[in-house]
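Structure first, commentary second.
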Amino acid sequence: MVQLPHKVPSITLKSMMKVNDYQKKALRTLNPSLSKSEILINGVMGLCGESGEAIDIVKKHLAQGHKLDRENLAKELGDVAWYLAETAYALDYDLESIFQMNLDKLAKRYPHGFEKEKSIDRD
């Protein structure tokens, strides 16, 4: 099981899928007629679209009194993951590399964990 920081709620993982395995499986549904530049465009537009669908669920919860639709929000996060996998592929990156690059950036920015001051005064 993944160890999370003490302030993060506990998450039960059903299985430990490798992120690059996800990317390979997800890309089986990639439109084979698209060029790499078309895949990039589709991926970035898809990320924006699916992120918009995710925020719409949260907006309805916060501003319109709906119950938070956690399952639908989780499905939208899955769609975001698909477009992330596609966009990374268009850039010739695997997801593990993308995730590691992000962790490296965060470790440099917040070497001791999140600090409000470092968040406000970023270089």
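The values are calculated or read from the model by the stated rules, or taken from the named source; none is laboratory data. What you see is a predicted model; the values in this text were computed from it and never measured. All Cβ positions, even for glycine, are placed from backbone atoms using ideal geometry, and neighbour counts span all protein chains on display.
Here are some notes:
- Count - residues of segment 77-123 that are of a type in the set (D, E) and more than 26 Å from S37 (Cβ to Cβ): 5
- Long-range neighbours under 8 Å by Cβ, at least six apart or interchain, first residue in contact (Cβ under 8 Å) with a residue 24 or more places away in the chain within segment 76-97, second in a helix (DSSP H, G or I) and basic (K, R): A90/K36
- For segment 36-57, the count of residues that are among the β-branched types (V, I, T), touching a residue at least 24 places away in the same chain (Cβ under 8 Å) and surrounded by 14 or more Cβ atoms within 10 Å (Cβ to Cβ) is nonzero.
- Residue within segment 53-75 that is in a helix (DSSP H, G or I), out of contact with any Leu (no Cβ under 7 Å at 6 or more places or on another chain) and closer than 18 Å to N102 by Cβ present: no
- Exclusive hit being within 19 Å of the chain's Cα centre (by Cα) and outside any helix (DSSP H, G or I), set M101, M17: M17
- Pairs where the first residue, in segment 12-26, is within 21 Å of A88 (Cα to Cα) and the second is at pLDDT below 95, C-beta under 7 Å, 6+ apart: none
- Just one of (1) on the phi < 0 side of the Ramachandran plot; (2) at pLDDT 95 or above fails for G65. It is (1).
- Residues of segment 53-109 classified as of a type in the set (G, A, S) and over 27 Å from K25 (Cα atoms), total: 3
- Residues that are over 19 Å from the mean Cα position of the chain (by Cα) and surrounded by fewer than 14 Cβ atoms within 10 Å (Cβ to Cβ), drawn from segment 60-75: L62, A63, Q64, G65, H66, K67, L68
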